[in-house]
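Comments concern the structure below.
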Ligand code: URA
């Protein structure tokens, strides 16, 4: 076998055997396949799709490419999002679930395409370490009920490589590649249940609800073949979640939400997702009961304490909860104001993510460092009425970026926002819940 013939076969839309998929992944793990060959394979898989058997073989090989954890306790449950703009629920949902007795071993990723990444957001907290040994990871989840790390060279190593390449080669929004990426990480965590926040809409990788359902079912089916119950929430990503977009700004918003002072949509989704985790952990009989437990953990401050414990245990600044201003936020601000009265009809939400990348808050090449301090704060979103000259959003930027901000403002009106004279009908925040124990 060789990389060339496998790429060629996929390029010609033929089905790869389990052995060929395993060989490719093993060689990739050992560093024998170059980035350009892996990228060509990804593009061929993206264009010609992978069959269910190829997806399953890819996931299995990716799991086996690294070390795996296993837990004896039944209450080890994680949550994973398929990615979006301002999508920051891990820092709220995880601590809520952990405060309710769920063990939450979160393995997350960096920014992907136009979407932000939990690992990048966590690293905007001064001192926070996301590179942990597996032993450290396990002992923190045993001790605190919650831990957060990125893929490492020995845990989900192939996802680490492919994820970084997909980020910069326009090969992200593929149902098989997303399935294998998420499921290989989650199955290697040794969890006993998984909640998926499956985003649909203009800021998601799945733009339509039918595609989002297809992705959910692909993961639910794969989970079943490993006896892993999955609950998938189909949630609306036609506009940013919460008000903030940008790494530090989003962490600050999470702290506010954990204090009960955050945006209501963010709180609602976080509580719903946590309720699913509580049910899958066997700690509640229904989502309603799980939701009551989650709400109580939020209102009592127990979830905030869990967040604080997570931060301190991973080297983050111990005063971050009482002094969120310790997070670095760009000093200059510019308000983008409505040009006319009217309702905001829609946002091209993925382009908001692209604006953040252009501002430095996301990557264009896999080696690039991101700037956690830049971002946006939205005062208005689709469905809201605005008067001319009212602020729609504020840009947080550096003094040296004034020209760039001017061009972003032009792009915002030309490509992103659509206004209307009548109130638009919008999809709900949570459209459906699929899978096990719903
Ligand atoms: N999250 C992941 O971990 N992988 C993907 O491919 C998309 C979202």
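The values are calculated or read from the model by the stated rules, or taken from the named source; none is laboratory data. This structure is a prediction, so every number in the text was calculated from the model and none was measured. We place every Cβ from the backbone using ideal geometry, glycine too, and count neighbours over all the protein chains shown.
Only one of the listed residues (102, 119, 76, 107) is more than 14 Å from the ligand (Cβ to nearest atom), under 28 Å from residue 319 (Cβ atoms) and in contact with a strand residue (DSSP E or B) (Cβ under 7 Å, 6 or more places away or on another chain). That residue is 102. Candidates in region 311-330 are the residues that are touching a strand residue (DSSP E or B) at 6+ places or on another chain (Cβ under 9 Å) and within 23 Å of residue 371 (Cα to Cα); of these, the one that is surrounded by the fewest Cβ atoms within 10 Å (Cβ to Cβ) is 329.
Here residue 208 fulfils each of the conditions (1) more than 16 Å from the ligand (Cβ to nearest atom); (2) over 26 Å from residue 22 (Cβ atoms); (3) at pLDDT below 95 apart from (3). Taking the condition in contact (Cβ under 8 Å) with a residue 40 or more places away in the chain and either over 26 Å from residue 56 (Cβ atoms) or assigned to a loop (DSSP other than H, G, I, E, B) (or both), does residue 242 pass? Yes: the conditions hold for residue 242. When you check residue 301 against the structure, is it without any contact (Cβ under 8 Å) to a residue 60 or more places away in the chain, over 19 Å from the mean Cα position of the chain (by Cα) and on the phi > 0 side of the Ramachandran plot, yes or no? Answer is yes for this residue. Scan region 136-153 and tell me whether some residue there is within 9 Å of the ligand (Cβ to nearest atom) and under 28 Å from residue 304 (Cα atoms). Yes, some residue in region 136-153 is within 9 Å of the ligand (Cβ to nearest atom) and under 28 Å from residue 304 (Cα atoms).
Residue pairs whose Cβ atoms lie under 6 Å apart, separated by 6 or more positions or on different chains, with the first residue in region 165-188 and free of Cβ contacts under 8 Å to residues at least 40 places away in the same chain and the second more than 9 Å from the ligand (Cβ to nearest atom) and assigned to a helix (DSSP H, G or I), do not occur. When region 157-182 is limited to residues that are within 12 Å of residue 59 (Cβ to Cβ) and more than 9 Å from the ligand (Cβ to nearest atom), the one that is modelled with the highest pLDDT turns out to be 176. Highlighted here are the strands (runs of 3 or more DSSP E) found entirely within region 340-438 that include at least 2 residues which are farther than 30 Å from residue 214 by Cβ: 342-347, 375-378, 391-397, 417-420. If you check 93, 89 for being closer than 30 Å to residue 377 by Cα, touching a strand residue (DSSP E or B) at 6+ places or on another chain (Cβ under 6 Å) and either more than 15 Å from the ligand (Cβ to nearest atom) or modelled with pLDDT of 95 or more (or both), only one passes: 93. Checking each residue in region 283-310 for being surrounded by fewer than 18 Cβ atoms within 10 Å (Cβ to Cβ) and outside any helix (DSSP H, G or I) picks out 285, 286, 300, 301. Within region 62-73, the residues that satisfy the criterion of being within 16 Å of the ligand (Cβ to nearest atom) and either under 28 Å from residue 234 (Cα atoms) or touching a strand residue (DSSP E or B) at 6+ places or on another chain (Cβ under 8 Å) (or both) are 62, 63.
Those residues that are over 26 Å from residue 73 (Cβ atoms) and in contact (Cβ under 8 Å) with a residue 60 or more places away in the chain, I need them from region 213-226; list them, please. Matches in region 213-226: 213, 215, 216, 217, 218.
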